[in-house]
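Novice: Just passing along the structure, written as structure tokens.
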Amino acid sequence: MTISPDAINVLVIDDEKDIRDGVERILTRMNCSVIKAPRGEEGLKILEKEKVSIVLLDMKMPGMDGMEVLGLIRKLDESILVIVITGFATVETAIEAMKRGAYDFIPKPFEPDQLRIVINRAVERIRLTKEAELLERERQQTLFDLDTEKSRIRTIIESLPNGVVVTNSQGQVVLMNPSFRKLLDLKSDLGPGEHINDYVSEKGLCDLIMEISQGKHVDFDDIPTYEFAVSGNKYLLARGQPVLGERRECMGAVVNVVDITTMKALDQLKSEFVAKVSHELRSPLSTIHEQLAVVLQDMVEDDLQADQEILSRAKEKTMGLISLIGDLLDLSRIEAGITSQEPKSVSIEDVLKNITDFLNTKAKSKEQTLTLELPKKRLPSITTDPVSLESLFGNLITNAIHYTQNGGKIKVKVDLTGINLRIAVIDNGFGIQEKYLDKIFDRFYRVKDDKTRFITGTGLGLPIVKGIVDSLGGMIDVESTSGEGTTFTVILPLQNQMPVS
């Protein structure tokens, strides 16, 4: 296959020949020039001679390990994007690699599409970096000069459908396009030169723009977006970035404003539809469920066993539908950012003790042991919605009970790691095949095999868990071996402040 002259150079450092060869086959079809090295030392020698843009780096290799190689690559050339490949892709490994300068990570083994997505993201980052460097080299005038400069960049900005406004480090508007004026209902003859407060009435957005303009977000890390309403029924979304000088000094901010009124309306319609349908179904289903329970209670031993089994199955199915409706309503509330209670200080120890005590009865009915392992030191509290926290761990522990055989063991282990809480739900149950692990958080997805096909469920428990974890600013990871068990690990920040909706 012919590689074009503008191909991206990729170095693959991995001690497994199959991995190196497989990556080469995939990336050469993506117009990448691939160089391979079986060890870290050989990879570093190649980097001293060849210009490489992306390095795919295995963490576990003989000789020099991946973390050490990563550090040396960063010293050699910080512009190289290092993507970590590891069969030990725990959350801790990924976080540590990212702290040390890795751009991204991918677990081993991986599907071709996973590799393509990560590489395309890195290539796009390289392209944008090159474009930014080119624009910076072309910049010859100050931000105030941009308002009068009849350049190609200005023409593009003027024609953009999204609103664009640029401020200097004092918060004065130095450039804005017609779309910005239109979206914020400003007069067409209103020009730049005044403070951002004179153009935007939303105080929260003005405060955010001032923070960006004065250099609070110079590293482009986690700059928040801002939603606000104008004219009562128009909703806008603002995204800001700092404008940096040659020595990375902050010279101001550029803010992009998008009209999201239609999306908000669609979200509202979807939520109303789900809520209405769910409420309309819950009442008749609850009535049917109660009537079946009464009939079963009144049946005598002389009644046909087949009739009892049919009615019991019908009662079980109506209960399943009622649970599905409840999960749909919970998922809708989570997506809408609506909490069940006001956020307050919650003891994670007390929550987990209450949940494990409550679910111990269910575990004992299957002759299972359910234990809670807490650190000796009392854990600090977190500020959150307690109902969401109970739903999060209630779903995980209930799942473990359902998908663990009679007589199995389930352990909830809590650790304090720096500024984070790590809670692991560990079982020795049926486990999940590796090919299903990337799908288990999808809505309505359930792994069905000979051991699990008779287990009832809605397929919404884990999506609800993922939604709650995301809303708390945390992370969730799953490790599983078919036939041996599963571990779900949740990491929650101690400083989490859950917003009230």
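Novice: What list do you get for THR371, THR384 if you sort them by fewest beta carbons within 10 Å?
Specialist: So the ranking, lowest neighbour count to highest, is THR371, THR384.
Novice: Pairs LYS377/LYS413; LYS366/LYS413; LYS99/LYS435: which exceed 18 Å Cα-Cα?
Specialist: Correct reply: LYS366/LYS413; LYS99/LYS435.
Novice: What spacing in nm lies between the two simple spin-label points modelled at LYS49 and ASP442, each 7 Å away from Cα in the Cβ direction?
Specialist: 4.5 nm
Novice: Here's something else I'd like to know. Label the stretch 143-259 by shape, choosing from rounded, prolate and oblate, from the square roots a ≥ b ≥ c of the eigenvalues of the Cα gyration tensor; if a/c is under 1.5 it is rounded, and otherwise prolate applies when a/b is larger than b/c, oblate when it is not.
Specialist: Oblate is the answer for the stretch 143-259, as a/c is 1.5 or above yet b/c matches or exceeds a/b.
Novice: Moving to a separate point now. Give the dimensionless ratio obtained when the Cα radius of gyration of the stretch 25-118 is divided by 2.2 N^0.38 Å.
Specialist: 1.02
Novice: Apply the Karplus curve 6.51 cos²θ - 1.76 cosθ + 1.60, θ = phi - 60°, to the phi angles in the stretch 201-207 and return the couplings in whole Hz, x for Gly and Pro.
Specialist: 8, 6, 4, x, 5, 4, 4
Novice: Another question, then. Residues with amide H under 5 Å of MET61's amide H, sequence separation 5 or more or different chain, H placed in the peptide plane at 1.01 Å from N; which?
Specialist: Placed amide hydrogens put GLY66 under 5 Å from MET61.
Novice: Residue by residue through the stretch 157-164, which ³J(HN,Hα) values in whole Hz follow from phi under the Karplus form 6.51 cos²θ - 1.76 cosθ + 1.60 (θ = phi - 60°), with glycine and proline marked x?
Specialist: Rounded to whole hertz, the list is 4, 4, 8, 5, x, 8, x, 10.
Novice: Going by amide H atoms built from the backbone, whose H comes under 5 Å of the H on LEU372, apart from near neighbours?
Specialist: Under 5 Å from the amide H of LEU372 lie the amide H atoms of VAL412, each far enough along the sequence or on another chain.
Novice: Taking 0.36 nm per residue of sequence separation and subtracting the Cα-Cα distance, how much length would be gained by fully extending the chain between THR155 and LYS187, in nm to one decimal?
Specialist: Length gained, THR155 through LYS187: 9.5 nm.
Novice: Still on this structure: Got the relative contact order for the stretch 344-493 handy, in percent, Cα pairs under 8 Å and 6 or more residues apart?
Specialist: This gives 24 percent for the stretch 344-493.
Novice: In whole Hz, what ³J(HN,Hα) sequence does the stretch 394-403 give by Karplus (6.51, -1.76, 1.60; θ = phi - 60°), x for Gly and Pro?
Specialist: x, 5, 5, 5, 4, 4, 4, 5, 4, 9
Values quoted throughout were computed directly from the atomic coordinates according to the rules given, and no laboratory measurement underlies them. In this text the structure is predicted, and so the values were computed from the model without any measurement. No Cβ is skipped: glycine too gets one built from the backbone with ideal geometry, and neighbour counts run over all protein chains shown.
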